[in-house]
């Protein structure tokens, strides 16, 4: 299933903000099924019922209060709702699990990622919560979830190597090793995308 | 619940039923208070069940722009604007009565009238 067209969604979002009566239905039509599929792919151990309920909650919350989405922040509506719903889904699953307290990230990493609302998370949780901005072609070239997470940080312009080191599970290693491994991972991803015919400007 | 649970959009419609700005909540009122379920709405508006689901996800008309909004919504759903407006006014009346706690009294009065006849 292709990622919804961000330009079209932006137009519908503007209509929704302007109180157009059908924009909410048009947005739901485009995004609900896509949201469910992406949530299920991102958190495969979640039940279909939980995924459907969480996707519905996120979508209706947005439709009722569209100002929650701020296009000027640079993230598309589909990515915004996916991130919102993914957070809810993980919280829901957490509430059903035996208690588990994640190791908090360093302040530097948390600051980098504050807009993503993913403070206080382990490496695994970060990987699950990263918004998916990647299209199907890129996903096919990067089957590894960690590589996808690294690419998403690169696409968001994150420069602090702490964020990458946290994603890669290198937080306990020395700065030199972190820098070397992060660079190696980024180069490897760039090369793989280039070989696959994908260029980033 | 106004729309069948077998559709994949059922969780979305169910959630939307709790949102007062959307048609889903008005359709839920019509279902609960008048017994107008998805099938009845579909017949009344002469549209498919899918169109009723799309209607449920539309925003209700704004006061001051009711005619325009109802017209646009009717076009989107593919129904007659007069039928849609009638349904909307019935739903609103039921909501207002429910808010004032008058529905039960009216129903009791109606039942009493029927019994007297």
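Every number here is computed from the coordinates shown, using simple stated rules; none is lab data. Everything quoted here is computed from the prediction, not taken from an experiment. Counting neighbours? That spans all protein chains shown, and the Cβs are built from the backbone with ideal geometry, glycine included.
Brief remarks on what is shown
- The value of relative contact order for the range B:10-116, using C-alpha pairs under 8 Å at least six residues apart, is 24 percent.
- Extension gain, residue B:34-residue B:67: 0.36 nm per intervening residue step, less the Cα-Cα distance, totals 9.5 nm.
- Near-label residues of the range A:59-85 by backbone N, under 11 Å of a point 7 Å along Cα→Cβ of residue B:18: A:61
- In this simple spin-label approximation, residue A:190 and residue B:96 carry label points 7 Å from Cα along the Cα→Cβ vector, and these lie 6.7 nm apart.
- Exposure proxy for B:47, A:51: other Cβ atoms within 10 Å of each Cβ, ordered fewest to most, give B:47, A:51.
- Counting Cβ atoms of other protein chains within 10 Å of each residue's Cβ and taking the mean over peptide B:8-19 gives 6.
- For the residues of A:55-67, the average number of beta carbons from a partner chain within 10 Å of their own beta carbon is 4.
- Other protein chain C-beta atoms within 10 Å of residue C-beta, averaged over A:11-24: 4.
- Euclidean distance of C-alpha centroids, the range A:1-63 and the range B:35-64, integer Å: 20
- Distance between modelled label sites at residue A:45 and residue A:65, nm, 7 Å Cα→Cβ extension: 3.1
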